[in-house]
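Enquirer: I have a structure here, written as C-alpha cells, and I will follow up with some questions on it.
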Amino acid sequence: MSQLIDPHGRSIDYIRLSVTDRCDLRCFYCLPKGFKGFEEPEHWLSFDEIERVIRAFGALGTRRVRITGGEPLVRKNLPALAARLQSLPGIDDLSLSTNAVQLTRHAEDLYAGGIRRLNISLDSLDKKRFQEITGGKLEKVIDGLMAAKAAGFTPIKINMVVMKGINEDEVETMVDFCIKHDFTLRFIETMPMGTTGCDAVNHYVDLQTVRTKLKQRFDLVPGVMPGGGPARYLQVAGTDLRIGFITPISQHFCETCNRVRLSVDGTLYLCLGQDNKFELRPLLRNGISDDGLQEAIQHAITLKPERHEFNEKPSQVVRFMSVTGG
Ligand code: SAM
C-alpha cells in the first residue's frame with residue numbers, strides 16, 4: 001500500500017517520468033508548427049537525479065513508472081536509465097510511451113533494460129496523412145512496431161488520438177491492423193492542452209460515437225487489461241483484441257487518478273489539467289537528504305487537486321503535453 005495518500009483519499013502509486021521535452025515529430029495538436037522553445041539541457045535532471053527521485057517514490061510505495069516525454073528515445077542512453085530504474089526497490093512495473101520513430105534501433109536494448117510494456121502513438125495508417133499530422137514518416141513507425149514485437153514486448157498498445165476531420169474515418173482500419181498484429185488499441189479524446197497554436201479542441205470527438213460505430217461491425221464484450229491507466233476496455237469477441245477508450249473529456253476518471261508526473265526539469269505536476277506543481281530540482285541541487293526528499297514528496301502530494309477542469313476552463317492549462325509528460 002502506498003504511503004502517498006492525497007487529500008481526496010486516493011493512493012498514489014504511479015509516476016510518469018518525462019526524460020525530455022524534445023520530440024522528433026511535430027503532431028499539430030501536441031506542438032505548434034515551428035516550435036523551438038525547448039528547455040536547455042542544463043535544466044534537465046541528470047540520470048543520477050532522476051534515480052534519486054524515483055528511489056524516493058519507490059520507498060513511499062510507488063510501484064509503476066512510465067517513461068515518457070517529449071519523445072523519450074531522443075534522450076541519450078535511455079536504455080541505461082531504464083536498467084537503473086528497474087532495479088530500484090519497490091518499482092515492479094516499468095513501461096515506456098514512444099512514437100516508435102527510433103524504436104528499430106533501440107528495441108532490444110530497452111527490453112534488456114527491463115521495459116516490457118510499450119505504448120506507441122499512431123494516429124494514421126495512411127502515409128500522407130501521417131506525414132500531415134506528425135511531420136514524420138509512417139514507415140519508420142511501422143518498422144519500429146515490428147522491431148518491438150520481435151524483441152518480445154508485451155503488451156504493445158497503440159494510442160490513437162481520434163480527431164474530427166482528420167482520422168476518425170480510420171478507426172476500423174486501426175482495429176483490423178491491431179487484430180492482425182496482436183496489438184492492443186486505445187482511442188483517446190483530444191484534450192485542450194497548451195491550446196495556443198495547437199488545434200486539438202477543434203477536432204474533438206466524443207468516443208461514445210466511435211464505440212457506437214464499432215458496435216455496428218464488431219461484437220464488443222467487456223474486456224480487462226492489466227495496467228494502472230484510465231482506459232475502459234472492450235474486447236472484440238472471437239479475437240484477442242482489447243480496445244481501450246480514454247475519455248478525459250466526455251467521462252472523466254479523476255476519482256481513480258493514481259498518478260503524478262515528473263517533468264524533465266524536475267517539476268512534479270500533480271494533475272495533467274491543473275497547474276498545481278512542486279519544484280524538486282532546487283532541493284536536489286541544494287543537497288537535500290534522502291529523508292528530506294521523501295518528506296518533500298509527501299508534502300507535494302497534499303497539493304494534488306481533486307480533478308481537472310478541461311470542460312469548465314478549457315484554456316486554463318498553457319503547458320504543452322510534451323512539457324508535462326504525456
Ligand atoms: N512521444 C511519446 C509518444 O508519442 O507516445 C510520449 C509523449 S506524447 C506527448 C504522449 C501522448 O500524448 C501521445 O499519444 C499523444 O498523441 C498524446 N497527446 C498529445 N497532445 C494531446 C492532446 N492535446 N490531447 C490528447 N492527447 C494528446
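Enquirer: Take K213, K157 and order them by how many other Cβ atoms sit within 10 Å, fewest up front.
Expert: Details: K213 13, K157 21.
Going from least to most buried by this count: K213, K157.
Enquirer: Would you calculate a helix-derived [θ] at 222 nm for the chain, using -39,500 (n - 2.57) for each DSSP H run of n ≥ 4 and dividing by the full residue count, to the nearest 500?
Expert: -8500 deg cm²/dmol
Enquirer: Place +1 on the Cβ of every Lys and Arg and -1 on the Cβ of every Asp and Glu in region 1-149, take the dipole about the Cα centre, and give the residue among L138, G70, S46 whose Cα lies farthest towards its positive end.
Expert: The one lying farthest along the dipole's positive direction is L138.
Enquirer: Next question. Identify, among T239, Q251, Q294, the residue whose Cα sits farthest towards the positive end of the charge dipole of region 201-326, taking +1 on the Cβ of Lys and Arg and -1 on the Cβ of Asp and Glu, with the dipole about the Cα centre.
Expert: My answer, from the dipole projection, is T239.
Enquirer: Report the Cα centroid-to-centroid distance between region 109-127 and region 283-326 in angstrom, as an integer.
Expert: Result: 26 Å between the Cα centres.
Enquirer: Considering the dipole of region 14-324 built from charges on the beta carbon (Lys and Arg +1, Asp and Glu -1) around the Cα centre, which of C271, F187, A200 is farthest to its positive end?
Expert: Positive-end residue among those listed: F187.
Enquirer: Return the ratio Rg/(2.2 N^0.38 Å) for region 19-158, where Rg is computed over Cα atoms only. Don't skip to the end; give the middle numbers.
Expert: On the way: Rg = 15.4 Å, N = 140, 2.2 N^0.38 = 14.4 Å.
That ratio works out to 1.07.
Enquirer: Please list the non-local residues whose amide H lies under 5 Å from the amide H of G223, H modeled 1.01 Å from N, same-chain partners needing a gap of 5 or more.
Expert: When sequence neighbours closer than 5 places are left aside, the close amide H contacts are Y233, L234, Q235.
Enquirer: Evaluate the charge dipole of region 251-301 about its Cα centre and quote only its size in Debye, nearest 20, assuming +1 on the Cβ of each Lys and Arg and -1 on the Cβ of each Asp and Glu. Spell out each step's value before the answer.
Expert: Values: 5 positive and 7 negative charges, 36 e Å.
The dipole of region 251-301 has a size of about 180 debye.
Enquirer: Kindly express, to the nearest 10 degrees and within the range 0 to 90, the angle between helix 171-181's C-alpha long axis and the longest C-alpha principal axis of the chain.
Expert: Rounded to the nearest ten degrees, it is 80.
Enquirer: Using the crude model of +1 on Lys and Arg Cβ and -1 on Asp and Glu Cβ, and no other charge, please compute the dipole size for the chain relative to its Cα centre, in debye to 20. Before the final figure, lay out each step's value.
Expert: Working: 42 positive and 41 negative charges, 80 e Å.
It comes to approximately 380 debye.
Enquirer: Using alpha-carbon positions, what is the distance between the centroids of region 143-211 and region 1-70, in Å?
Expert: Using only Cα atoms, the two centres lie 22 Å from each other.
Enquirer: Would you list, by chain and number, the lysines whose Cα falls below 27 Å from the Cα of K140, excluding same-chain residues fewer than 8 positions away?
Expert: K33, K36, K76, K127, K128, K149, K157, K164, K180
Enquirer: Here's a follow-up. Compute the orientation-averaged projected area for the chain from the convex hull of its Cα atoms and round it to one decimal in nm². Numbers along the way, then the final one.
Expert: Details: hull surface 61.5 nm².
It is 15.4 nm².
Enquirer: Now for a separate question. Return, in residue-number order, each cysteine of the chain whose C-beta is not under 4.7 Å from any other cysteine's C-beta.
Expert: If one checks each Cβ against the other cysteines of the chain, C23, C178, C198, C254, C257, C271 turn up with nothing under 4.7 Å.
Enquirer: I need the fraction of alpha carbon pairs in region 181-274 separated by more than 18 Å, rounded to a whole percent.
Expert: Numbers: 2456 of 4371 pairs.
So the portion of pairs separated by more than 18 Å is 56 percent.
Bear in mind that the values in this text are calculations on the coordinates, not laboratory data. Values in this document were obtained by computation on a predicted structure and should not be read as measured data. In this analysis, Cβ positions are derived from the backbone assuming ideal geometry, glycine residues included, and neighbour counts consider all displayed protein chains.
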